[in-house]
Amino acid sequence: MATLVAGVDCSTQGTKVLVVDVQDGRTVARGHAPHAVHGAGGARLSDPQGWWTALRDALARPIASAPLRD
C-alpha cells in the first residue's frame, strides 16, 4: 500500500486538493471546489463557512477515488 499525502491550497476563488504518492511523486487524485468572493471598490470578502464547505467538497472526490485503506 502506498503512502499518500494530501496537499491543500485555499486561494481567493477556490480550494484545491492534490493527493500524491510520496514514494514516486505520482498524483493519485485531485479535487477542486469554488467559494464565493464578493466586495466593491477593491475590497474582497468571503464567508469563512464557505471556505470550510469548499475544503469538504474539494476533499470528497480524492477521498472517494484514492486507494485508501480502512
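Filtered by the rule that a residue be of a type outside the set (Lys, Arg), under 18 Å from residue 60 (Cβ atoms) and open to solvent by 80 Å² or more (accessible area, probe 1.4 Å), region 6-45 gives 32, 34.
Summed over region 1-45, the residues that are in contact (Cβ under 8 Å) with a residue 12 or more places away in the chain, part of a loop (DSSP other than H, G, I, E, B) and within 14 Å of residue 65 (Cβ to Cβ) give a count of 1.
Within region 17-55, being at positive phi and in contact with a strand residue (DSSP E or B) (Cβ under 7 Å, 6 or more places away or on another chain) holds for one residue alone: 39.
The values are calculated or read from the model by the stated rules, or taken from the named source; none is laboratory data. Bear in mind the structure is a predicted one, so any value in this text is a computation, not a measurement. Neighbour counts run over all protein chains shown; Cβ positions are idealised from the backbone, glycine included. Heads up: the accessible areas ignore ligands, DNA and RNA and are worked out on the full protein's heavy atoms, side chains in. Shrake-Rupley method; radii C 1.70, N 1.55, O 1.52, S 1.80 Å.
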